[in-house]
Amino acid sequence: MKITIIGTGYVGLVTGACLAELGNDVFCLDVDQSKVDILNNGGIPIHEPGLDDVVARNRAAGRLQFSTDVAASVAHGDVQFIAVGTPPDEDGSADLQYVLAAARNIGRHMDGFKVVVDKSTVPVGTADKVSAAIADELAKRGKNEGFSVVSNPEFLKEGAAVEDFMRPDRIVIGHDQTTEGLRAHALMKKLYAPFNRNHERTYWMDVRSAEFTKYSANAMLATRISFMNELANLADKVGADIEAVRHGIGSDPRIGHSFLYAGCGYGGSCFPKDVQALERTARDYDQDLLILRAVEQVNDFQKHVLGKKVVKRFGDDLSGKHFAVWGLAFKPNTDDMREASSRVLIGELVRRGATVAVYDPVAMKEAERVLKLDFADDAKLFDRISFAANPMAALGDADALAIVTEWKAFRSPDFDRVKAALKNPVIFDGRNLFEPQVMADIGIEYHGIGRSILTRG
Ligand code: UDX
């Protein structure tokens, strides 16, 4: 099939490359010439495992092209995926200007029937706005071309996006019951047929339910994390071990084991933004989402938990103190620093006068860029951060090590070397990577999240 993807960001690029891998002829459009140049020269603007191979293979096969030519992009695809950014507005609502601009471009240039797919995460009701924008542009041209807007939200995890796309646990597609909507259904069914060979993975529904499904999924997952984080903070006080509790409750199939990991808060491009956008939608309908508001508050608090533990141990004034930080990206296998907990911890440490040596397996460059912006008002604070070449190099003479991201590379270090390199053998572990008893046996003072009952000084 001939497919157009509008937006070669994280979602668009993965979607385009994977649809090409299935044998489709994919045209990816982006307004950013420099990004298109990188892609046309064989580069990948983001870090996503496996994506470079898929892109290279399909470019070589002539099934995947990148361009800034809007008219050609509209002419190319029978199915037009809108996968542009929806950054949060100041009030937390999703900014739809790029989505609606893409819709207008389609209306301006289309000839013949088009299926327009909202792939970006967009608030309930956006498909109607996209339809109206396309219809408006068609009317300006005096055209009456048929089209239908469907909602097909993505459920891609950063760091596992290619795998998630190629082996989806579900495909959600919302379409309407008009003649055009049923024609769109038929085309989408054909496009996704390779995923449904062994058993049907597609959930067909109305457009608004599909839009709502995406927000509900992310809100539910964020809720689980904040709930576990709140329990972990209490576990620290009552003398329970949150890891034992996690196993104890996860074995109930109604609860399940995944997404129950207490830690120093969730970050990324989806959870914080989608939780806020859903709250905002609710307010538009005069409803206050009490639970979701708490989820956000708990997460804001949780990003400060490591900093609080450091202060409790070393005092308010950290001048003269030096800390090592392992893990900067908001999660492993990505260089994404959006809403990363590391930024909150590093901010707290340097503002209290400490110096910090940081290390991340892939996010170093992005971290440097983002931290520079975080401290744009006070460059002196940025100067307190040094960027280490490897995890051991970050440890030299540090008063303690703080772990913020659960990279595999941090899971089994040589603890004797860690202990020898640190000035004090103290670890603040924001992702509960190690066993407190093992740490105690080695002689490391260990501060996890919700595990203080097992922590020996
Ligand atoms: C998420 C959803 O999982 C995905 O389906 C959606 O399409 C986009 O948002 P992503 O943001 O890439 O994906 O990351 P995810 O792996 O879900 O983790 C999000 C954050 O939650 C990370 O900061 C992670 O460290 C944290 N987390 C996750 C926890 O603190 N505890 C957990 O148990 C799981």
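Hey, among the residues in segment 153-193 that are within 16 Å of the ligand (Cβ to nearest atom) and free of Cβ contacts under 8 Å to residues at least 40 places away in the same chain, which one's nearest to the chain's Cα centre (by Cα)? Only one residue tops the list, namely K157.
Considering only residues in segment 322-331 that are more than 8 Å from the ligand (Cβ to nearest atom) and touching an Asp or Glu at 6+ places or on another chain (Cβ under 8 Å), the one that is farthest from Y10 (Cα to Cα) turns out to be H322.
Out of segment 97-119, which residues are without any contact (Cβ under 8 Å) to a residue 24 or more places away in the chain and among the polar types (S, T, N, Q)?
The answer is Q97, and nothing else.
Residues that are not assigned by TED's automatic domain parsing to the domain that holds G125, at least 2 per element: which strands (runs of 3 or more DSSP E) completely within segment 14-97 meet that?
So the answer is none; nothing clears 2.
Identification of strands (runs of 3 or more DSSP E) wholly contained in segment 344-457 with 3 or more residues that are touching a residue at least 60 places away in the same chain (Cβ under 8 Å) and crowded, with 18+ Cβ neighbours inside 10 Å yields 400-403. Of all residues in segment 239-269, those that are exposed (fewer than 13 other Cβ atoms within 10 Å of the Cβ) and either of a type in the set (D, E, K, R) or outside the structural domain of F434 (by TED's automatic domain parsing) (or both) total 2. In a residue-by-residue description of segment 268-279, the property of being out of contact with any helix residue (DSSP H, G or I) (no Cβ under 6 Å at 6 or more places or on another chain), on the phi > 0 side of the Ramachandran plot, near the ligand (Cβ under 9 Å from one of its atoms) and not hydrophobic (A, V, I, L, M, F, W, C) applies to at least one position. Among the numbered conditions (1) surrounded by fewer than 19 Cβ atoms within 10 Å (Cβ to Cβ); (2) in contact with a helix residue (DSSP H, G or I) (Cβ under 8 Å, 6 or more places away or on another chain), the only one that A94 does not meet is (1). Of the residues contained in segment 144-162, one or more are found to be in contact with a Cys (Cβ under 9 Å, 6 or more places away or on another chain) and in a helix (DSSP H, G or I). Select from segment 25-53 the residues that are under 20 Å from V116 (Cα atoms) and buried (at least 19 other Cβ atoms within 10 Å of the Cβ) and list them in ascending order. Answer for segment 25-53, where residues must be under 20 Å from V116 (Cα atoms) and buried (at least 19 other Cβ atoms within 10 Å of the Cβ): V26, F27, C28, L29, D30. Kindly check whether there is at least one residue in segment 251-259 that is within 16 Å of the ligand (Cβ to nearest atom), touching a helix residue (DSSP H, G or I) at 6+ places or on another chain (Cβ under 6 Å) and touching a residue at least 40 places away in the same chain (Cβ under 8 Å). Within segment 251-259 (the criterion being within 16 Å of the ligand (Cβ to nearest atom), touching a helix residue (DSSP H, G or I) at 6+ places or on another chain (Cβ under 6 Å) and touching a residue at least 40 places away in the same chain (Cβ under 8 Å)), the answer is no, since none of the residues qualifies.
Just give me the residues in segment 256-288 being among the aliphatic types (A, V, I, L, M) and touching an Asp or Glu at 6+ places or on another chain (Cβ under 7 Å), in sequence order. V275, A282 - these are the residues of segment 256-288 that are among the aliphatic types (A, V, I, L, M) and touching an Asp or Glu at 6+ places or on another chain (Cβ under 7 Å).
The values are calculated or read from the model by the stated rules, or taken from the named source; none is laboratory data. What you are looking at is a predicted structure, and each value in this text was computed from that prediction instead of being measured. Note that we place each Cβ from the backbone using ideal geometry, even for glycine, and neighbour counts take in every protein chain shown.
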